[in-house]
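*Asks:* After the structure tokens below, expect a handful of questions from me.
No value in this document is a laboratory result; all are computed from the given coordinates. It should be emphasised that the depicted structure is a prediction, and the values quoted were computed from it without experimental measurement.
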Amino acid sequence: MSMGRLGIFMPALVAVVLSGCSGTFHGFTPDAAQTSSEVTLSLSSLSFASVGASAAQTVTATQSNYSGSFAASTPAAGQPNSCNGIATISPSSGTSFSVMPVAAGQCVFTIAANGEAANLTVTVTTTTIGGS
């Protein structure tokens, strides 16, 4: 059969092939860069009963379809939920973060990447026994 004759039958052939398809096409997978999901933290809150490096705890951030770094931040000093003077987080960018309590208080670190974020609430309580 020549290409001229095949051209005549092509629309009918396409119709027959497509008529054998059922419902939804499942072969398309969106590009991972276009698909974002929420940031997940290994812990969503931390509580400390003491301060200093020996009390530090680690939190890990993950996100489906993302393997890059996450940025940690907190509101500026004097702003609501600021961790300034209450706790530190290091590094400022990565996937695993060490949070060190500095003084009593409550604050929030935001861990973000790829247009999504999760909050890490930090509570530091210290108790002084005795003293004057």
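*Asks:* Between F48 and residues 5 or more places away or on another chain, which pairs have amide H atoms under 5 Å apart, with H built 1.01 Å from N, and which residues are they?
*Replies:* When sequence neighbours closer than 5 places are left aside, the close amide H contacts are T123, V124, T125.
*Asks:* Per residue of the stretch 104-116, what does 6.51 cos²θ - 1.76 cosθ + 1.60 with θ = phi - 60° give for ³J(HN,Hα)? Whole Hz please, x for Gly and Pro, Karplus curve as stated.
*Replies:* Computed from phi, the couplings for the stretch 104-116 are 4, x, 10, 7, 9, 9, 10, 10, 9, 6, 6, x, 10 Hz.
*Asks:* Hey, any idea what the orientation-averaged projected area of the convex hull of the stretch 37-124's Cα atoms comes to, in nm²?
*Replies:* 5.1
*Asks:* 5 Å is the cut-off here: which amide hydrogens, built 1.01 Å from N in the peptide plane, fall below it relative to V39, excluding neighbours closer than 5 in sequence?
*Replies:* Amide H neighbours of V39, under 5 Å, 5+ apart: A117.
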